[in-house]
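The values are calculated or read from the model by the stated rules, or taken from the named source; none is laboratory data. For clarity, every value in this text was computed on a predicted model and none was experimentally measured. Here the Cβ positions follow ideal geometry from the backbone for every residue, glycine too, while neighbour counts run over all protein chains shown. We work out accessible area using only protein heavy atoms, side chains counted, and drop any ligands, DNA or RNA first. Shrake-Rupley method; radii C 1.70, N 1.55, O 1.52, S 1.80 Å.
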Amino acid sequence: MNKGVYILTLATFVTGTVELVIAGILDMIAQDLHISLGSAGPLVSVYSLVIAFGTPVFSALTSKVERRKLLLAAMLVFIAGNILSIAAASFAVLLIARVIIAASCSVVVVNALTLAASIVAPERVGRAMGLVFMGISASLVLGVPMGTFIAEQFGWRMTFALIAALSVISTAGIAGFLPKVPPQPAVPLRKQLAALQSPKIIFAQLMVALMLLGHFTMYTYFSPFLQATMGLSANAISLVLLIFGIAGVFGGWVGGWSTDKFGGAGTFLVILLLFTVSLSLLPYATGTLITLLLAVVIWGALAWAPAAPVQSYLIRTAPESADIQISLFTSFMHIGVAAGSAVGGFVVNHYPVTANAWVGGFMAFLAFLSAVYSVTRRNQAGGLSHTS
């Protein structure tokens, strides 16, 4: 495998970590900046909104820029955003830093995939892109618990310092190992939006947003949930997050395997129903550490399992706009993340943190209903959709 692919994997690892680790250190940031936990929620929601709506815009604006040059520029902006996070003396400054980081991340991830596919032989493209995606998975398994542990030991600012240091290494590798790659033809925003023309597609994408809304209503405030219900230490919480991440990677594999065997629609319908139940019952699993870890493994696996079946379903439903559907999938996913952290912040400010699990479970059930509606609609050709 081309060495550049591993450099790109490191780039997606650090960008994935900076997005996901905030859930593990949100309470520390709130205490340090003297704001309520719910008021700190926009650090998650604003980030995701920038990703959701900024990705297609930034792609259109930078369509004529050489890819390696664009990736280097985005990484430098990313490093600057992390340095600003380290120095932030107020919530407003930290929020601005998150916007800067999110904008750069939207460019980094898209172009990392483009470059990975461009620098390897055709028969290795799938494996190269898989490695780049693995960087995001690794950020969940390693980055989040590692960042949470460092924050507890040395302060939350040191988490961003570590991310900045890894980003410098990644940027140096991009400059040293990656060749120049010409830009790809851009897809106009109007064409991207036109892909959302059927109720079948709209409700499939809405399902993605609603599921992530439910998930992040709970996950954003998972650390304070564990502290409030079980009194776990920061080190114990880091361990729980590590187990959650490992379960998530396993769940992603199961989702892909089940899609190949049973079809996309059948897979994500079952997953969504089980996910609703697991999330709603989470507060009842805090009696012992064993029951908690069992619940976390189930929840984590189900949370990451739908990615492959949903994308397979979208591609099979609208093959003529497959690339656009996957792009919109990313946008709707981050809309759900943003809405989930906002809803979770409202709930945690007015009710016990255990209520976040029940509200999240209700949103997940709405995602299930949206999925049922989508798979039972007729496709554009007039026939019933295939459950695949």
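For segment 7-28, what are the residues that are within 18 Å of the chain's Cα centre (by Cα) and of a type in the set (Val, Ile, Thr)?
Taking segment 7-28 and keeping what is within 18 Å of the chain's Cα centre (by Cα), we get 8-26.
Those that are within 18 Å of the chain's Cα centre (by Cα) and of a type in the set (Val, Ile, Thr): Thr9, Thr12, Val14, Thr15, Thr17, Val18, Val21, Ile22, Ile25.
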* To do: Identify, by number, the condition in (1) modelled with pLDDT of 85 or more; (2) open to solvent by less than 60 Å² (accessible area, probe 1.4 Å); (3) farther than 17 Å from Leu196 by Cβ; (4) within 23 Å of the chain's Cα centre (by Cα) that Ala308 doesn't meet.
  => (1)
* Asked: With Thr259, Thr288 as the choices, which residue is more than 16 Å from Ala364 (Cβ to Cβ) and modelled with pLDDT under 85?
  -> Thr259
* Quick check: is even one residue across segment 75-88 in a helix (DSSP H, G or I), aliphatic (A, V, I, L, M), open to solvent by less than 10 Å² (accessible area, probe 1.4 Å) and modelled with pLDDT under 90? -> no
* Asked: Does segment 29-59 hold any residues that are open to solvent by 40 Å² or more (accessible area, probe 1.4 Å), under 24 Å from the mean Cα position of the chain (by Cα) and over 19 Å from Ala342 (Cβ atoms), and which are they?
  -> Val57, Phe58, Ser59
* Give me the pairs: first residue in segment 214-228 and touching a residue at least 60 places away in the same chain (Cβ under 8 Å) and open to solvent by 10 Å² or more (accessible area, probe 1.4 Å), second residue part of a helix (DSSP H, G or I) and among the β-branched types (Val, Ile, Thr), beta-carbon distance under 8 Å, and six or more apart or on different chains, which are they? -> Phe216/Val44; Phe216/Val337; Pro224/Val348; Gln227/Ile237
* Structure fact -> When Arg98 is run through (1) in contact (Cβ under 8 Å) with a residue 12 or more places away in the chain; (2) surrounded by fewer than 22 Cβ atoms within 10 Å (Cβ to Cβ), the failure sits at (2)
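So which of Val141, Val120 ends up being in a helix (DSSP H, G or I) and either open to solvent by 10 Å² or more (accessible area, probe 1.4 Å) or charged (D, E, K, R) (or both)?
Values: Val120 fails: in a helix (DSSP H, G or I).
The match here is Val141.
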* In segment 273-287, is there at least one residue being more than 16 Å from Gly214 (Cα to Cα), open to solvent by 20 Å² or more (accessible area, probe 1.4 Å) and not in a helix (DSSP H, G or I)? -> yes
* Take the residues of segment 316-371 that are more than 20 Å from Leu20 (Cβ to Cβ) and not in a helix (DSSP H, G or I): which is modelled with the lowest pLDDT? -> Ala318
